Each structure stands twice: as structure tokens, then as C-alpha cells.
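Below is one structure, written out as C-alpha cells; comments come after it.
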Amino acid sequence: MKNSKTCPKCAGKKLWIIDPLQTVYEYAPGTLPLHLAYKQKTGDTGWLDSKTARVGHLVAWICAGCGFSELWASDLDQLEPDPAAGIRLVDGSQGPAKGYR
Ligand SMILES: [Zn+2]
């Protein structure tokens with residue numbers, strides 16, 4: 001849909017783009033962007049700085065006609081596998097895929 005500018009389900013051409021995709025914050029007015037992961041910052045951080053950085057964000061393409069949605073992620077080169085956090089890479093480029101169960 002992002003590339004064709006046409007919905008693959010209904011051929012609609014009216015598309016919403018939500019960039020970045022956000023969630024409504026439940027306890028106060030406003031919204032929160034959805035990030036892919038946390039990453040530990042390296043080097044010296046100031047005492048008020050967070051020790052983690054947010055990695056990536058999502059962009060939603062949504063067909064105005066039928067609601068079919070696509071998600072596109074940014075900053076994938078900064079992701080690192082972290083199975084404990086639910087972040088796994090399935091790589092089938094060198095033979096049978098590993099890392100998927
Ligand atoms: Zn559609």
C-alpha cells in the first residue's frame with residue numbers, strides 16, 4: 001500500500017498515514033509514540049539522562065475504505081535480538097530459518 005498507494009484488499013485510493021503510530025495515554029490527555037525497543041546508551045550519560053534510548057517507530061498506512069492496515073518500522077539497523085524482551089530475528093537468508101518457534 002505504501003509503495004502502490006492503492007489498498008491491496010479493496011483497490012481503494014484514499015489512505016490514512018499515521019506517522020508515528022501512537023497510543024492514547026490512559027491516565028492523562030495526550031498520546032505516546034510506539035517504539036520497537038529500548039537500547040542501553042553507551043558512554044557517559046548525565047545524571048538526569050535516561051540510561052536507555054527508544055529505538056525505532058511505526059508508521060501506519062490505513063485504507064479509508066475498508067480499514068486494511070500496514071505497519072512500517074524505522075531504524076531496524078539499531079535493533080538487536082533480545083528474546084527476554086520478545087525481540088527475535090528470524091533469518092532464512094542462509095538456509096533454514098533459525099530463531100523462530
Ligand atoms: Zn481497502
**Net charge, Leu34 excluded, C-beta distance under 15 Å - Lys, Arg +1, Asp, Glu -1** = -3
**Prompt:** Taking only pairs that are 8 or more places apart or on different chains, how many Lys pairs in the chain have Cα atoms under 20 angstrom apart?
**Reply:** 6
**Asked** How would you rank 78-90, 56-68, 13-25, highest first, on the average number of other Cβ atoms within 10 Å across their residues?
**Response** 56-68, 13-25, 78-90
**Request:** Could you check the simple spin-label distance between Thr23 and Gln94, using points 7 Å along Cα→Cβ, in nm with one decimal?
**Result:** 3.4 nm
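Laboratory data are not the source of any read-out in this text; all were calculated from the coordinates shown. Every value quoted in this text rests on a predicted model; they were computed, and no experiment measured them. Glycine gets a Cβ as well: all are built from the backbone with ideal geometry, and neighbour counts include every protein chain shown.
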